[in-house]
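Laboratory data are not the source of any read-out in this text; all were calculated from the coordinates shown. This structure is a prediction, so every number in the text was calculated from the model and none was measured. Backbone-built Cβ (ideal geometry, glycine too); neighbour counts: all protein chains shown.
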Amino acid sequence: MPAEWTTSSPQQDVLRGEGMRTPDEVAAMLRLWSLGWGTKRIAAEFGCSRNTVKRYVAAGGWAAYRRPARSRALAGLEEWLAERFRRHRGNADVVRQDLAREHGLRVSLRTVERAVAPLRQALQAEARATVRFETPPGRQLQIDFGELRVPIGGEVGRVFLFVATLGYSRRCYVQAFRHERQAAWFDGLEGAFAHFAGLTQEVLVDNARALVEHHDAETREVRFNERFRAFAQYWGFKPRACAPYRARTKGKDERGVGYVKRNAIAGHSFASWAELEAHLAWWMREIADVREHGTTGEPPVERFRRDEAGALRPLDGRPPFRQVRDLVRRVQLDCSVEVDTNAYSVPWRLIGETVRVVVAGGRVSIQHGGGEVAAHPESAGRRQRLVEPAHFAGIMPARPGARPAASPPPTPPPTADLLRPLQEYEQLAGGAW
């Protein structure tokens, strides 16, 4: 190349507005050069500068333009950016604020957005992804609520639909409510237990405030509502909460809610609330149970009867949870606890102790230290005393033929002679307790 030639860089060509030449154009330039054309004539032919022609002649061919490397303000913070971007659920501006506060880096929002662009695509793909978890028979029940407006009695009002779906058979249960408070969740669950005539090992719930008080998206630490934990303990199932912002992990029931809205309710109006409930009962029996399920390829009720009904745990005749009273009482000096003005005896050694009293199904169960220490039939009257002589064993001789009895005042109870002053019990036991 002649010494007087000067060549331009690809960047200078772009800045002058000439743009990059295609490989075919460069090849044509080199052919004309080999035929004796001068650089000025070639430049005029292709509408570019002489320096552009000289550069391609000097290079002997086309070369791709490479953007000069620039130092990046966020270099070395890739892992930190990825963690914060996920923590803030894709909010780049909050990440920018953390950069300034924790690293002293003040950059534009656009700089952060460019740095996290690949992460945003991955986060969006993760949110759209649905992973199907197949559970064995009797393992899991998924529950959720759906809301829609339904014409009832000539007026359009809000209806809350509780939908429970068995994880294995996909058999569903639907119940309509006028609200979505905790009582509706409990009544809906108990309605599902009765409908399926059994209990699953676990119940998967969304992060509804009525059930879940706190669920950390990063650590997956879950704190369930105290009353919901008591409900789960009463029925003997393990509560589980789906991942925050990932309701699709509860996809079977999410799709079930949509199916109920589109199929059972859409386009219908009802003369009364009772008619709506009757329609849902008919729809579950005649439509939902017998349709061919898109995933399993068979009717849910057939799959349920064949594989899942026998895997459910029995209900054992337990009354509804909200009919159960769970009380705390202190054992009085006469070896009894009081419930609704009635006295129920407990072992004398528990005088002064705090006990748990569970009233359900016409039975009063008194518990201490994790076990039942006394049980009585629930008294229908008032100010009665139910006494078990065995509760005084060791401090008083048992009377032959004595048995629990209830006696209304003013007549003394049959075993009233057992309820002596505390000082006599101390003398017989050999000292104070």
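The alpha-carbon atoms of the range 140-311 define a convex hull whose volume equals 113 cubic angstrom per residue. Fewest neighbouring Cβ atoms within 10 Å first, the residues Tyr173, Tyr234 line up as Tyr234, Tyr173. The GluC sites (Glu not before Pro) of the range 91-183 that DSSP puts in a loop, and whose beta carbon has at most 11 other beta carbons within 10 Å, are Glu134.
For Lys238, a cut-off of 13 angstrom between C-alpha atoms picks up these aspartates and glutamates, skipping any fewer than 8 places away in its own chain: Glu202.
Listed peptides 289-297, 366-374, 47-55 appear in the order 47-55, 366-374, 289-297 once ranked by packing, highest mean of other Cβ atoms within 10 Å at the front. Can you tell me the mean projection area, over all orientations, of the convex hull of the range 78-128's alpha carbons? Units nm², please. Over every viewing direction, the Cα hull of the range 78-128 projects on average to 3.1 nm².
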